[in-house]
Every structure is written in structure tokens, then in C-alpha cells.
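The values are calculated or read from the model by the stated rules, or taken from the named source; none is laboratory data. Since the structure is predicted, the reported quantities are computational estimates derived from the model, not experimental observations. Here the Cβ positions follow ideal geometry from the backbone for every residue, glycine too, while neighbour counts run over all protein chains shown. Ligands, DNA and RNA are stripped out before the accessible areas are found, and what is left, the full protein with its side chains, is counted by its heavy atoms. Shrake-Rupley method; radii C 1.70, N 1.55, O 1.52, S 1.80 Å.
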Amino acid sequence: MKKFFFCGVLVLCMGISAQTVHPWEQYFHEVMTAEDAGSAAWEDTYDLLCELEQHPLDINRATREQLEQLPFLSAQQVEEMVEFLYRYGPMKSLAELRMIRSLDDSRRRLLTYFVIVLDNPDIQESSGKANYFHHELMATGRIPFYERKGDAGAYQGYPYRHWLKYQTTYGDQLKAGIVGSQDAGEPFFGGKNRMGYDYYSVYLQLNRWRRIETLILGNYRVSMGMGLILNNSFGLGKVSMLQNMGRPTSTLRAHSSRSSDGYLQGAAATVNITKGLTATGFISYRAMDATLNKDGTAATILTTGYHRTETEMEKKNNLKNTTFGGNVRYQANGYHAGFNLVGTHLNRELKPNTATLYRQHYAQGYDFMNMSADYGYVHHRFSVNGETALNRDGALATINSLSLQLGSEWSLMALYRFYSYRYTSLYANSYSDGGNVQNESGIYIGATWQPSPSWKLMAYTDYAYFPWAKYQISQSSHSWDQLLQVSYIKKRWTFGGRYRLRIRQKDNDDKTALVTRTEHRGRVSAEYSSVWSSRTQIDFGFTSFKEHEKGLMVSETLGFTYHWLRLNGGLGWFHTDSYDSRVYLYELGPLYSYSITQFSGEGIRYWFMARVNIGSHLMLTAKLGITNYFDRSTIGSSYQQINHSSQSDLDLQIRWKF
């Protein structure tokens, strides 16, 4: 009876309206697939968008590199915006974005959340009104109303997760701050964390100082070319690839999030040599987590950042990494070309277990060197972009894209990549189906059709071939991924639908042949936006491998906003046959909190969040989330096991601006 009661409540809620998420959060949700959900790169992208929302760019002073940080802009759109400002001078209002022909209505609205226009930049600069120090102090914590198995003694710290951030900015010229972060179960001012938090990030970023375009001291992230040798700045998913049309990036930014993976630590700078020619250089020295072999070599580099148990703490900071590199880049008249170089030295030999076939070509050794050339041409009707890279052994990786803007309705894109199974790079992060810039070749074709301001259709097909063995695949294999997504806007209503078909191969039980695994995933949604608004969503999945399995989730997001008060809530019912047919739910959370959860089995998820602004300086946020399972008496496994069928967490956040 309990499950039918909650299903009835859910159906009734579908008729209620509420305040939904910010438009950029809708974009983030719509372009994310199930595979993107667990990616650290997407969490970094989310942090970047949160940062830009809180500190929007002055569009009249923004550089090309700053505009390229926005993952939903294509190369044509960035080029046209830069050209517009050069030809016509500063914008007087954001309404002038309508003059950018390549910007569609949805991305134009999205852009307004990350850029501003000063009334008169020249007057404000001379009077000092535009540039003065802004300070922000933020504290966030999570309180669990349950006990994990590890909390009984295996975990060395308290069961609370919390983080603290202080940042000061001076206009858009200076940004400095410190972030301290603690996962649940990690010692705080105790054990091996006598300095307090388990992880710290300290950074100082200076922009546009004489010939120095960007200078960063402390922790930072770098993106060069299309990511074949270095990209720890943001992720490139398959749906978002259609948004930015395969645009390359050359960005340098401070690492101001609580993510403990992928960043560099030291100094980096981009210098304007002459018109159109820039040079970037960086050097980094940092400690990394690693699992060691008996002979003292490193078996694997760890990226989880967990240091809760004695075993996890023993793996902390036992590998030292020195990385250096940079690029020289020329960009003028639509053409761009760059040469990129990255070198890395480890104080311990990286020596993975290569007895298993699929690991035989993992990165190995003390020293690593990668170099590449990126190139392209951007026109308001089309763009060509690419990057070709070599590692120290001469193994090749290349990615090339062609995008076409056929009037205001059609845009097409084709992307080809070839990554040798012998190619390795410790910092590569580019487009792939298998998750790595290694052992893959394939072609991706995507299209966007917007016949009217109300209708928009997106589709892609992606075929990939893997010549070497992979995890659970002992021979050459292939995959085929296809997606169709449609949206319709009518006044305050937005309707959406998505269907995805993914075909992959895996070993049979005795590893003598490959068996096809077919996965179907779909989503339909209806959203009403006003002072009151709502979003109703149905997600479903069907997988066919050794057995046929189904999954379903029905969810509703509710809320209310009035000046200083914001209330949000959500309710979802899920039912899946197993973990293989799991479903995902994206939720609102406190600022800078990326919240997407996967569910399997049967149960309900409901949450409530309240945000209060006290004046213009203080903001308080509280969120209570509860998951009830109907098909089990325990949740999780190992030290994370909860001996109950329900899991409840309370998130608290306070932000003070001064």
C-alpha cells in the first residue's frame, strides 16, 4: 500500500506548479547523458558555470579566451561576437545580442546569465566604480541521519562532509581565494590531517596586465587545442558537442572548486607577443594519490580523493608529479594554429599490471612527453578544426571536425578521430566513446534543425571501433550510439523528448566470442515557467544482454520564488530490474553543489530546499533529501553500507558577500 500511496501523491503533484531551475541548469541537464553523469570533467564544468553565474563577464571587455570558457558557444558564435565588438564598439545593452546572427534564441537567453553590460565602461573605469574589491565567504556542510558501517571505527573522521571557500575579486582583473574540502569519514584537524581540511586549493589569478593576458599562481586548469595532450578544464559530451560544434579551446583559469582531481599546481601565464600571437607557459609540482606495488613502483594513479580509512590514507600523496609545458598560438582573420607541448616526470615509476591483455598499453615509466599541433578556420557559415598529437614513442592521435551553418535553421557537424592503442597521455581529455584518448577510431555526425523559434530537433549518430582489447572485451570490438532529441516551446510551456539507442559488444561467459549489448534510454518532460512553474519528467530504460531488463522513473520538481525567498522540492518514484537498468535524477542543490544520483531497485526519492536572502549580503540555504527503498533492508556495500531501507541527508550552506 505504501508504494501505491506515494505513486498517487506523485500523480497529484504533476498538476501543481513551482519554480524550476535556472536556464543554464536546464541546459546542463538537457545535454548530459547517463555516461556524463559520473564524469569528474562534468563536475568541473558545473563549477565553472556556477562561478561565471556569480561573477558574470563584462561582454565589452571579455577576451576571446574568456568567451571560449562557455561550453555552449560554437566557434562561429565566439568569432562573430568578437568581430561585432571590434566593428561596432561596446554594446549598450544585452539586447544587441540579437545582432549576432549565429546566436539562436535559446543560447541568447542562456548567455544573459553569464555576461553583463556596464552602462558606460569608460566612465565607470575612470571613476573607479567598476573596479573595487568584492569578498565572498561560503561554508557548506552535509549532515547524515544514518550510520555507515565504516562510521563504527574504520573511518578515521566524523561522518560529516563540509567545505569552506573564501574568494576576493577586483573587477575582472584579479581573483584570489582558498578552498578547503572534507569528505565524510576523513579526519579533520587530526591524524595525518593536522592542518585541518583533507584538501586545499589556493589560487591567485591576474588578467590583462600589460602584455600578460592571464597570470595564475597556485592551483589552475589548462585546456589546449582539442584536448589530445592536455585538457583538465571542462568536459566534452556527445550532446554538448552539437552545441559548441567541435570548437577547440585555449584557456587558462584558476582552480577554485573543491574537486581534488586533475588540476595543476604552480604557476602559469599567457602573454600577448604581438597582434594575434600569444604564448602560454606553465610549470606544476604536486603530490598525487597512488596504489604502490611491493617494489615501491606505482601501480595506479588514484583520482577519488578519499582518505577515510587507514588504507586510503596510506595512498595519499605518495607520488610526486612535475609537469611543464605550454603553447604558441596564432589567431587572425578566422585562421588559428598552435603548437602544444606537455612533459611530465614522476618520482616513482608508473608500472601497472600488464598481465591482463587490455592493460598492456597503459601509460608506463618515469617520464612522459606529448606534443601536438592544432589548426582551423572559422567562417560565419562553416568552421574546420583539428588537432594531431604524438607521444614520446611516436604513437599518433588525431581529431578533426567540420561544422556547417546552413542558414538560421540547419547546422551540421562531422567529427573523425583516430587514437592509436599505443598512444598515451596523462592529461588528455577529448571526445571519445570509450572514455579515453586511446585505442579508438570513429566518426560522429550530428545535426540541429530549428524550423521555428518554437521547435528544435537535435540528432547524432556515432560509430566507434576499438582495435585492442578493453575491459570485459578480449578482442577488437565496435559500438554504435544514436540519439534524437526534440523540444517545443509554446509561450510558458516547454515540452521535450529524447530517445537514445546504444549498441556495444562484450565477452560471452567463456570469452570465446563477443555478444551484443543493446541499451534503449528515453525521456519525456513537460515544463511550465512563470512566477509559479513545474517540471514533470519520465525517464525509462531497457537493456538487452544476457537478460532483458527494464527501468522507469517518474519525477516532479516543484518550488516557489518571491524576492528574498526561494522554495524548491522534488518527488520521484523509480523501479528497475537491476543495477544494469538504473536511472538517473538531477536535482537542485546549494551553490556549487553538483547533484545527480543514480537509482536501482524500487523506491522513492523526495527532497525540499529553502533559500533565504537576508539583505544583499547574506544568503542561507538548507536542503533535506530522503530516499526510501521498498525492495531492501540495507543500502550500499562494504564500509558504505547502511543497515536501513531509508537514507536521509541535510545540506546547509551560508554565503556572505561584503
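Given 37 °C and 0.692 mPa s, how large is the Stokes-Einstein diffusion coefficient of the chain in µm²/s, with Rh as the Kirkwood radius over Cα pairs? Numbers along the way, then the final one.
Working: Rh = 26.3 Å.
D = 125 µm²/s.
In debye, nearest 20: dipole of the range 446-552 around its Cα centre with unit charges on the Cβ of K, R (+) and D, E (-)?
With only Lys, Arg, Asp and Glu charged at Cβ, the dipole is about 500 debye.
Of L302, V222, N643, whose Cα points farthest to the positive end of the dipole of the chain (charges on the beta-carbon: +1 Lys, Arg; -1 Asp, Glu; origin at the Cα centre)?
Highest projection toward the positive end goes to V222.
What percent of all Cα-Cα pairs in the range 260-335 falls into each 10 Å bin, going from 0 up to the bin containing the maximum distance?
Final binned percentages: 16, 33, 22, 16, 10, 2.
Which value in deg cm²/dmol, rounded to the nearest 500, describes the helix-derived mean residue ellipticity at 222 nm for the chain, given -39,500 (n - 2.57) per DSSP H run of n ≥ 4 and division by the residue count? Walk me through the numbers before you get to the answer.
Working: 10 runs with 84 residues, N = 658.
Helices in the chain give a 222 nm mean residue ellipticity of -3500 deg cm²/dmol.
Quick one: which residues, 5 or more positions from L174 or on another chain, have an amide H under 5 Å from its amide H? H modelled 1.01 Å from N in the peptide plane, none for Pro or chain starts.
N207
At 7 Å along Cα-to-Cβ for each site, give me the label-to-label distance between T354 and V486 in nm.
5.2
Can you classify the range 502-658 as rounded, prolate or oblate using the Cα gyration tensor, where a ≥ b ≥ c are the square roots of its eigenvalues, rounded means a/c under 1.5, and otherwise it's prolate if a/b beats b/c and oblate if not?
Numbers: a/c = 2.53, a/b = 1.96, b/c = 1.30.
It comes out prolate by the Cα gyration axes.
Straight-line reach from K92: which lysines fall under 24 Å, measuring Cα to Cα and dropping same-chain residues less than 8 apart?
Those lysines meeting the cut-off are K129.
Got a sec to turn the phi values of the range 96-101 into Karplus ³J(HN,Hα) couplings, 6.51 cos²θ - 1.76 cosθ + 1.60 with θ = phi - 60°, whole Hz, x for Gly and Pro?
Values, residue by residue: 5, 4, 5, 7, 7, 4 Hz.
Round to a whole number: what % of the accessible area of the range 556-658 belongs to carbon and sulfur, probe 1.4 Å? Please report the intermediate quantities before stating the final value.
Details: 2650 of 4460 Å².
Its accessible area is 60 percent carbon and sulfur atoms.
Might you tell me the accessible area per residue for the chain, computed with a 1.4 Å probe and given in Å²? Show your work: numbers first, answer last.
Values: 29290 Å² over 658 residues.
Value for the chain: 45 Å² per residue.
Which ³J(HN,Hα) values, rounded to whole Hz and listed in residue order, are derived for the range 217-225 from phi using the Karplus coefficients 6.51, -1.76 and 1.60 in 6.51 cos²θ - 1.76 cosθ + 1.60 with θ = phi - 60°, glycine and proline given as x?
10, x, 8, 7, 10, 10, 10, 10, x
Using the beta-carbon distance between Y146 and K275 and R0 = 51 Å, what value does 1/(1 + (r/R0)^6) give for FRET efficiency, to the nearest 0.05? Intermediate results must be reported in sequence, preceding the final value.
Working: r = 61 Å, r/R0 = 1.19.
Efficiency for this residue pair is about 0.25.
Whenever you get a sec, compute what percent of the accessible area on the range 396-490 sits on carbon and sulfur atoms (1.4 Å probe).
Working: 2570 of 4080 Å².
Carbon and sulfur: 63 percent of the exposed surface of the range 396-490.
Roughly how compact is the range 513-599, stated as its Cα Rg over 2.2 N^0.38 Å to two decimals?
Values: Rg = 16.6 Å, N = 87, 2.2 N^0.38 = 12.0 Å.
In units of the 2.2 N^0.38 Å rule of thumb, it is 1.38.
What aspartates and glutamates could a cross-link reach from K623, if we take a straight Cα to Cα line under 14 Å and drop same-chain neighbours fewer than 8 places away?
By straight Cα distance, K623 reaches E587, D649, D651.
Using the crude model of +1 on Lys and Arg Cβ and -1 on Asp and Glu Cβ, and no other charge, please compute the dipole size for the range 584-658 relative to its Cα centre, in debye to 20.
Numbers: 6 positive and 5 negative charges, 69 e Å.
Dipole size: approximately 340 debye.
Can you list the HN-Hα couplings for the range 421-438, worked out from phi with the Karplus curve (6.51, -1.76, 1.60; θ = phi - 60°), rounded to whole Hz and with x for Gly and Pro?
Karplus values, whole Hz, x for Gly and Pro: 5, 9, 7, 9, 7, 5, 10, 5, 7, 9, 5, 6, 8, x, x, 9, 8, 5.
In terms of Cα to Cα distance under 25 Å, which lysines are near enough to K506, apart from those fewer than 8 places away along the same chain?
K238, K470, K546, K550
Stretched out fully, how many nm does the piece from S408 to S544 gain, at 0.36 nm a residue minus the Cα gap? Don't skip to the answer; put the middle values down first.
Numbers: separation 136, 0.36 × 136 = 48.96 nm, distance 3.99 nm.
Between S408 and S544, full extension yields an extra 45.0 nm.
Which FRET efficiency, nearest 0.05, do T597 and I212 yield, Cβ-Cβ r, R0 41 Å? Intermediate results must be reported in sequence, preceding the final value.
Details: r = 43 Å, r/R0 = 1.04.
My answer for the efficiency is 0.45.
Got a sec? Charge dipole of the range 76-225, +1 on Cβ for Lys and Arg, -1 for Asp and Glu; which of G185, N207, A95 is way out at the positive end?
G185
Nearest 0.05, what FRET efficiency do S454 and S638 give at R0 = 56 Å with Cβ-Cβ as r? Working shown, then result.
Details: r = 50 Å, r/R0 = 0.90.
Approximately 0.65, to the nearest 0.05.
When the accessible area of the range 243-388 is computed with all protein chains present and a 1.4 Å probe, what percentage of it is carbon and sulfur?
Values: 3560 of 6320 Å².
After summing per-atom areas, the C and S share lands at 56 percent.
Whole number please: convex hull volume per residue, Cα atoms of the range 540-584, in Å³. Before the final figure, lay out each step's value.
Numbers: hull volume 2.8 nm³, N = 45.
Per-residue hull volume (Cα only) is 62 Å³.
Calculate the spin-label point distance for T303 paired with Y113, positioning each point 7 Å from the Cα along the beta-carbon direction, and give it in nanometres.
2.6
Is there a quick way to get the dipole size of the chain? I mean about its Cα centre, with the Cβ of Lys and Arg at +1 and of Asp and Glu at -1; what is the value in debye to the nearest 20? Can you show the working numbers first?
On the way: 68 positive and 61 negative charges, 112 e Å.
Charge dipole of the chain: 540 debye, to the nearest 20.
Can you tell which of P590, G569, V554 lies farthest toward the positive end of the dipole of the range 536-595, using +1 and -1 charges on the Cβ of basic and acidic side chains (Lys, Arg; Asp, Glu)?
Ranked along the dipole, the leading option is P590.
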